[in-house]
1. Skipping prolines and chain starts, which residues have an amide H placed within reach, meaning under 5 Å, of the one on H170, given they are 5 or more residues away or on another chain?
2. Scan the range 117-212 for chymotrypsin sites (Phe, Trp or Tyr not before Pro) in coil per DSSP, keeping those whose Cβ has at most 14 other Cβ atoms within 10 Å, and list them by number.
3. Working out 0.36 nm times the residue gap between W254 and Q123, then minus their Cα-Cα distance, what length gain in nm do you get to one decimal?
4. Test of understanding: what is the full-extension gain from I27 to L201, defined as 0.36 nm times their sequence separation minus their Cα-Cα distance?
5. Please work out how much length the chain gains when fully extended from I34 to K163, using 0.36 nm per residue of separation minus the C-alpha to C-alpha distance, in nm with one decimal.
6. For the range 188-270, just run the numbers: alpha carbon Rg, then divide by 2.2 N^0.38 Å, N being how many residues it has.
7. Taking neighbour Cβ counts within 10 Å as the exposure measure, how do H271, H179, H170 sort from fewest upward?
8. Would you please name the GluC sites (Glu not before Pro) within the range 155-252 that are DSSP coil residues with at most 12 other C-beta atoms within 10 Å of their C-beta?
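Read-outs: derived from the displayed coordinates by stated rules, not from any lab. Note that this is a predicted model, so its numbers are computed, not measured. Glycine gets a Cβ as well: all are built from the backbone with ideal geometry, and neighbour counts include every protein chain shown.
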Amino acid sequence: MTTDIILKTLYDLFDIEKILEAVLRIIVILLGSILLYWVVRLIIKRLFSITFRPKRFRIKNLGNIKKRQKTIEQVILSIWQYAIWVVAFLLVLASLGINVQTILAGAGVIGVIFAVGSQRLIQDFLDGFFNIFEDNLSVGDFVEIDGVEGRIIDIRLRDIKIKSWSGEIHIIPNSKIGHLINYSLDHGKAIVEIRIAYEVLPEKLIDLLTSHLEKMKAGNPNILTTPTIVGISKMGELGYHIRISCETMKETHWSVQRYLRQELIQLFQRHGIPIAENRIRIIDQRMNLRE
């Protein structure tokens, strides 16, 4: 008898049928939103997988076009993700009997409160928009941002993701992007300095280098111009520094610098050119006295 009374009381307090109906509607809304999100996502990715190359235009750099398409694709997907979940949230509220029109009518006041409380978020959106609009960043670019160096793997309106050479993923809000170096926008320059002992005459060294610069260029396809001898860049306690530079393909100046150093060391070893190093010379004064 007591159990029947409790069940009757619960039934009076809660309309089980309405609760189940509301839960079912929420499940349908969520599943439908997830399905719609993935369908539209696939359509967007399919559209941007096509490279637009009108025949009447002579497009030279196809790689830049693909990177630009990938960047815009990531931004559109980010906007679509925000939009679908906001709509799903409003539909869930409506299914629970909440007047969504009242919420939308008060969106102006809510927007003001939201703007005051989330200035950084808005700043992230604005900075991200301008970085993309001005083509400062693209997916696939190799960049250095405030000491973080790596390749951009994702760009969103709020942040970007950078994967460093050792595998770490750095997530940087757009409003936190300060000093930016983009190595992918133009050709690079390899600069190499090597220290030579003072007993080597600079004229002799420059003549030797000049006769081998063309061979160095031919040995590496990433070198665009024949290496140039800039000259003596510094004079130290152990020797003088000779500087060599050349233009390289995008994102290859690091490997070209390693290549040039290796070639220079081998060249100096073959011709007996000593590289300046720390040496301690001990003179036995007793031998001088015996003589």
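1. I162, K163, S164
2. W165, Y198
3. Stretched out fully, the W254 to Q123 stretch lengthens by 43.7 nm.
4. 54.4 nm
5. Net length gain for the segment: 43.6 nm.
6. 1.06
7. H179, H271, H170
8. E168, E199, E237
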